[in-house]
Amino acid sequence: MKVLGIESSCDECAAAVVEDGRFILSNVVATQIPFHKAWNGVVPEIASRKHTEWIMGVADKALKKAGLGPEGIDGVAVTSRPGLLGSLLVGLTFAKAFAFSRGLPYIACDHMLGHLYAPRLVYASGTEFPPYPFIGLLVSGGHSIICRVEDFDRVTVLGTTIDDAAGEAFDKVAKFYGFGYPGGVCIDRLAQKGDSGAFRFPLPNLHKGSHDYDLSYSGLKTAVINQLEQFRIKKASDDESEKANIAASFQKTAVDILLRSLFRAAEDTGLSVIVAGGGVAANSCLRSSLAARKDLRCIFPPLELCGDNGAMIAGLGYQYLVRGESSGLDAPASARVSGFKRKYP
Ligand code: KG4
Ligand code: ZN
């Protein structure tokens with residue numbers, strides 16, 4: 001079964017064709033980064049306008065790259081939540097129209113479950129995906145979730161951020177220091193040349209009570225931003241090694257925050273397989289730190305499937321469609337997923 005996946009929840013306009021929920025036949029991602037760069041962040045109005053301009057061309061390219069016409073598609077999957085409402089509506093409306101005009105089933109999908117699905121995708125052949133259950137680590141610009149995963153759609157949240165998401169912390173620190181946009185990638189690159197022990201930033205103190213696996217980034221963010229005054233006094237913005245040291249020290253602490261809760265969750269649940277997804281799963285420090293834990297099996301998507309893409313949605317959508325589920329043409333887009341504190345979605 002060949003599924004066309006559409007993703008437009010934020011600033012990537014993406015479409016892909018995936019066969020049988022596993023094999024990527026095409027994966028087209030048109031990034032809007034150059035259009036948001038001047039604002040150091042995603043401008044929702046610009047994002048939805050660009051999606052409107054691009055979605056037809058991007059979907060067309062995904063079909064062509066897969067060597068298919070519209071008649072070669074058996075079903076459609078699309079992100080309908082969570083994300084920027086205007087952006088989501090463009091992809092959702094396109095997917096509904098495509099499915100309706102061809103008499104195909106379509107399914108409205110959850111973006112975070114898509115990220116969790118990404119490591120299951122392969123281009124030709126690949127290693128077998130581990131059986132459920134496992135621990136999921138979902139880290140993106142809007143979410144940070146540590147969860148127990150029983151199936152592609154059965155996720156129990158063990159811990160989540162009580163303030164900023166991990167990616168948001170990278171983006172905000174980069175913005176304050178003028179490290180560039182998008183923040184996560186710029187800090188990751190800068191940190192390669194820095195000393196992660198140059199600055200000591202605090203880990204949050206959330207251990208007690210029900211916060212065992214929760215995360216917090218506001219303390220780290222404030223501490224790093226407080227350092228900015230010293231940075232300016234020293235006129236360090238021209239000092240590459242000082243910039244790299246700030247980036248490396250922040251990144252190391254941001255990753256330690258994730259790892260501390262993640263390892264505690266693995267230990268307490270007795271689960272030794274960790275599957276990561278979301279934009280921050282591309283972080284080199286996170287990837288190498290997890291790879292160093294030989295007692296755990298850590299599975300990451302390839303770098304190009306960490307960020308937003310249509311393939312993860314096509315793969316996820318296949319699982320619903322093959323089960324006989326589909327969405328109605330009245331399915332709404334939602335900016336947030338309500339009540340995901342302990343049960344997701
Ligand atoms: O999943 P994603 O592409 O979009 C959302 O669903 O939010 O994640 C985007 C986030 C941004 O905050 C970006 O700065 C972060 O992922 N990111 C990274 C890296 N690449 C992207 N954060 C740390 N290190 C990276 N290499
Ligand atoms: Zn995402």
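Here are the numbers for this structure:
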| quantity | calculated |
| --- | --- |
| Unmet criterion (only one of (1) of a type outside the set (Ser, Thr, Tyr); (2) away from ligand 1 (no atom under 16 Å from the Cβ); (3) crowded, with 24+ Cβ neighbours inside 10 Å; (4) closer than 24 Å to ASP151 by Cα) for ARG22 | (3) |
| Per-region count, segment 265-286, residues under 20 Å from ARG148 (Cα atoms) and within 13 Å of ligand 1 (Cβ to nearest atom) | 7 |
| Evaluation of ILE233 against (1) at pLDDT below 95; (2) of a type in the set (Val, Ile, Thr); (3) touching a strand residue (DSSP E or B) at 6+ places or on another chain (Cβ under 8 Å) (one fails), failing number | (3) |
| Number of the exception - ASN245 against (1) polar (S, T, N, Q); (2) in contact (Cβ under 8 Å) with a residue 12 or more places away in the chain; (3) not in a helix (DSSP H, G or I) | (3) |
| Condition broken by ALA276, with the remaining ones in (1) in a helix (DSSP H, G or I); (2) buried (at least 22 other Cβ atoms within 10 Å of the Cβ); (3) out of contact with any helix residue (DSSP H, G or I) (no Cβ under 6 Å at 6 or more places or on another chain) satisfied | (1) |
| Residue in segment 152-166 that is part of a strand (DSSP E or B), within 14 Å of the chain's Cα centre (by Cα) and either among the aromatic types (Phe, Trp, Tyr) or surrounded by 20 or more Cβ atoms within 10 Å (Cβ to Cβ) (or both) present | no |
| Failed item in (1) surrounded by fewer than 21 Cβ atoms within 10 Å (Cβ to Cβ); (2) within 16 Å of ligand 1 (Cβ to nearest atom); (3) over 26 Å from CYS13 (Cβ atoms); (4) of a type in the set (A, V, I, L, M, F, W, C), with LEU296 passing the rest | (2) |
| Any hit, segment 249-267, residues being of a type outside the set (Asp, Glu) and in a loop (DSSP other than H, G, I, E, B) | no |
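The values are calculated or read from the model by the stated rules, or taken from the named source; none is laboratory data. All of these numbers come straight from a predicted model, not from anything done at the bench. All Cβ positions, glycine included, derive from the backbone under ideal geometry; neighbour counts span all protein chains shown.
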